[in-house]
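A short write-up of the structure that comes next.
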Amino acid sequence: MLNISDSWSLQGGRISMGNQIKNHWTTIIRLTYLIGKGSIVETKKYLKKCIYTVGMGNNDYINNYFLPKYYNTSSVYTPEQYAEALVEQYSRQLQDLYKSGARMFGVFAAGDSGCTPWMMAEFGMNSCVDEVNSAVMLFNSRLNTTLNDLNNRFDDAKFILIEGSREYPNGINVTDTPCCGGSSASDKGQCAPNQVPCSNRQNYYFWDAFHPTERINVIAGKRAFEKLTSFEAFRTIAFLKDKETGYISDALGFGL
């Protein structure tokens, strides 16, 4: 959730991308003492070896832009303007992570939000909502352009876009109904308590009205891992000569 306004507040507590980055800085400060011996430069050498996977954007559409009865975002922005505003903010946040020491980024494209049971129920349809998916495609297109720009700007970093498949895996034959009971627009699309889920969950795409089942997540994870293996070549040539020695007392204000 990029949280250009107040996405997801309807559903309760949430941690926006900006707040997650603040929490990450708290972790970095702790790592500086745990593994960096007080040196933030040493800690950043460690962070440069890490692969950061980031996936944002869907909630800004499902739980904001296409909920006009709760949010006015769609009356303020056209789909093109909204995608541009989201990706501009996303770019700044990725650059904040870069400043904190991150160098390898696997960035997930937003999924087809219009195919979720929640969104189909909101629009009163029994198939994917093209209006929603078209808006998300604008976001993904701008995100891809932005990642290319970041790759050109930061030659010591690598940003990879991870796109999902638009085809349903073999054996997945229930794609418009969630597996867990009570997932409907009336109960905010989440699993109702004390309900027995479907017995053949391996055939379901969605667990609740928003989120995929474990089988779908495993397939997506394998696809992402294959995409991220390209970082290995980058890793062998990128981290050569960090010989600075900076200590936490010199850098407490950096990036915070």
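The values are calculated or read from the model by the stated rules, or taken from the named source; none is laboratory data. Source: prediction; values computed, not measured. Note that each Cβ is placed from the backbone with ideal geometry, even for glycine, and that neighbours are counted across all protein chains shown.
Taken over segment 27-49, the criterion of being on the phi < 0 side of the Ramachandran plot, in a loop (DSSP other than H, G, I, E, B) and of a type in the set (Lys, Arg) is satisfied by Lys48, Lys49.
No other residue among Ser199, Ser141, Ser100 is more than 24 Å from Tyr77 (Cα to Cα) and loosely packed, with under 14 Cβ neighbours inside 10 Å apart from Ser199. For segment 144-169, the set of residues classified as modelled with pLDDT under 90 and over 20 Å from the mean Cα position of the chain (by Cα) consists of Glu167, Tyr168, Pro169, listed by residue number.
Within segment 129-169, the set of residues being among the basic types (Lys, Arg) and within 14 Å of Tyr98 (Cα to Cα) comprises Arg153, Lys158. Could you please let me know if Leu2 is under 19 Å from Phe159 (Cα atoms), buried (at least 16 other Cβ atoms within 10 Å of the Cβ) and modelled with pLDDT under 90? So Leu2 passes the test. Here Ser134 fits the description: hydroxyl-bearing (Ser, Thr, Tyr) and either at pLDDT 95 or above or over 21 Å from Asn58 (Cβ atoms) (or both).
Among the residues making up segment 30-59, those that are among the small types (Gly, Ala, Ser) and farther than 30 Å from Asn133 by Cβ are Gly36, Gly38, Ser39. Apart from one condition, Gly57 fits all of (1) at pLDDT below 95; (2) farther than 30 Å from Phe234 by Cβ; the exception is (2). Looking at segment 59-161, the helices (runs of 4 or more DSSP H) lying wholly inside it that each contain 3 or more residues that are under 23 Å from Ile216 (Cα atoms) sit at 117-122, 130-153.
Taking the conditions exactly as written (touching a residue at least 12 places away in the same chain (Cβ under 8 Å) and surrounded by fewer than 20 Cβ atoms within 10 Å (Cβ to Cβ)), does Glu84 satisfy them or not? When the stated conditions are applied, Glu84 passes them. Filtered by the rule that a residue be farther than 22 Å from Tyr204 by Cβ and of a type outside the set (Gly, Ala, Ser), segment 103-125 gives Arg103, Met104, Phe105, Val107.
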